[in-house]
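Have a look at the structure below before the remarks.
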Amino acid sequence: MQSATVARFYSHGQPEEVLKLETEKLPDKLQTNEVLVKMVAAPINPADLNMVEGTYGSLSGVKPTFPVVGGNEGVGIVVEAGSGVKNLKINDRVIPNKSGLGTWRTHGVFKSEELRTVPNDIPVEYAATVSVNPATAYRLLNDFAKLKEGDVIIQNGANSMVGLSVIQLAKARNIKTINIIRNRPGGETVERLKGLGGYIVVTDEYMQGSAMKFKKLISDLPKPKLALNCVGGETATEMSRYLDNNGVLVTYGGMSRKPVTIPTRLFIFNDIQLRGFWMTRWYQESSEADKATMLNDLYKHIRQNNLKMWMETWDFNVFKEALVRSKVPYRERKVILKME
């Protein structure tokens, strides 16, 4: 069997320092439940980098079994299957069915149950990225509030891949979004979000520094039933002030690395709820049927052009340059590694 090129790290640290491209010899023979996959594309997600740093999820404070191949998401093609594999066949396009498989590689051997098929009519870059950011947006809109046509939600980090997906999936359901973004040069981001269906788009500086103007701006809308927080700090606090009675603020990220602080009166008099969400745990605890339903709905939105994602592709053989690019501030597109 052939060898593979992999992006591997032997200890936690800054990704550009500890990740190395190396050659890995693949097994000479597959086990009965294994498949050989030729990887086609894989994104560089912020969570991937946090896992390399040792600051993310279950890896925080826990030493994994090194060395580790980076990457949690991607799409590949089955090129060989063990004699006992029933759920996959040669030439199937597949994506991970769990986190931590190590997708930053040209080839990999996986257990067949660790993968699931993806339809051939879904563009490669979309197939590589559908199971984390769009899936997170889908769950945020479906699991925390009973939203109906005409309802309103508010979110920060609205220009992130999750935020863009929230805007589009909400628009498909006729749900209005109030979108908060960081102040940045130029007005292209605001126009893009509005073009995708963002009903209101303002900066965090405007929301916090021009409270009366912001209240007037949203005064003709019903109060939001749901607030989505991936930033933390003051923007999360401010969003909570605008929630309707019994509203829910869901935290799924903490890009500012600042705590979420909520005024006591909002709990007592408005009966708001604070919740957390981690996509990895949802995959661990959910049935295969629920996973399939979600992904099939997302595929439908992609086919109907209701869900667009902004990406830029980089060859895997310039991995370090792609890694640096993925950390550039105010970058508008997700970095996708192309293995072919």
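The values are calculated or read from the model by the stated rules, or taken from the named source; none is laboratory data. Note that the coordinates shown come from a computational prediction; the quantities given were computed from them, not determined experimentally. Note that we place each Cβ from the backbone using ideal geometry, even for glycine, and neighbour counts take in every protein chain shown.
Does Met294 satisfy the condition of being buried (at least 16 other Cβ atoms within 10 Å of the Cβ), touching a strand residue (DSSP E or B) at 6+ places or on another chain (Cβ under 6 Å), touching a residue at least 24 places away in the same chain (Cβ under 8 Å) and more than 17 Å from Gln155 (Cβ to Cβ)?
no
Only one residue in Arg8, Arg93 is out of contact with any helix residue (DSSP H, G or I) (no Cβ under 7 Å at 6 or more places or on another chain) and modelled with pLDDT of 95 or more, so which one is that?
After applying the criteria, what remains is Arg8.
Here are Thr129, Thr136, Thr106, Thr117: which of them is of a type in the set (Ser, Thr, Tyr) and more than 21 Å from Lys291 (Cβ to Cβ)?
Thr106
Does Asn142 meet the test of being in the same structural domain as Pro224 (by TED's automatic domain parsing) and under 21 Å from Pro46 (Cβ atoms)?
Here the answer is no, as Asn142 does not meet what is asked.
Taking region 227-244 on its own, how many of its residues are crowded, with 23+ Cβ neighbours inside 10 Å and among the basic types (Lys, Arg)?
Summing the residues that are crowded, with 23+ Cβ neighbours inside 10 Å and among the basic types (Lys, Arg) in region 227-244 gives 0.
Please determine, by comparing only the residues of region 151-162 that are buried (at least 23 other Cβ atoms within 10 Å of the Cβ) and among the small types (Gly, Ala, Ser), which one is nearest to Gln304 (Cα to Cα).
Ala158
If we only count strands (runs of 3 or more DSSP E) wholly inside region 82-150, which ones have 1 or more residues that are in contact with a strand residue (DSSP E or B) (Cβ under 7 Å, 6 or more places away or on another chain) and small (Gly, Ala, Ser)?
Result: 107-111.
Mind listing just one residue for me: the one in region 307-340 that is at pLDDT below 95 and farther than 17 Å from Asp48 by Cβ and, of those, surrounded by the fewest Cβ atoms within 10 Å (Cβ to Cβ)?
Pro329
Within region 251-267, which residues are over 17 Å from the mean Cα position of the chain (by Cα), closer than 21 Å to Ala145 by Cβ and part of a loop (DSSP other than H, G, I, E, B)?
Within region 251-267, Val260, Ile262, Pro263 meet the criteria.
Residue by residue through region 256-277, note down the ones that are in contact (Cβ under 8 Å) with a residue 40 or more places away in the chain and surrounded by fewer than 16 Cβ atoms within 10 Å (Cβ to Cβ).
Passing the criteria: only Arg275.
Given Gly197, Gly163, Gly187, which one is outside the structural domain of Pro329 (by TED's automatic domain parsing), farther than 17 Å from Pro134 by Cα and not basic (Lys, Arg)?
Criteria check complete, one pass: Gly187.
Does Glu125 qualify as being charged (D, E, K, R), within 14 Å of the chain's Cα centre (by Cα) and within 21 Å of Val79 (Cα to Cα)?
For Glu125, the condition - charged (D, E, K, R), within 14 Å of the chain's Cα centre (by Cα) and within 21 Å of Val79 (Cα to Cα) - is met.
For region 19-29, does any single residue satisfy the condition of being assigned to a loop (DSSP other than H, G, I, E, B), surrounded by fewer than 19 Cβ atoms within 10 Å (Cβ to Cβ) and acidic (Asp, Glu)?
Yes, there is a match, as at least one residue in region 19-29 is assigned to a loop (DSSP other than H, G, I, E, B), surrounded by fewer than 19 Cβ atoms within 10 Å (Cβ to Cβ) and acidic (Asp, Glu).
As an exercise: evaluate Gln304 against (1) exposed (fewer than 15 other Cβ atoms within 10 Å of the Cβ); (2) modelled with pLDDT under 95 and give the number of the one condition it does not meet.
Of (1) exposed (fewer than 15 other Cβ atoms within 10 Å of the Cβ); (2) modelled with pLDDT under 95, only one is false for Gln304: (2).
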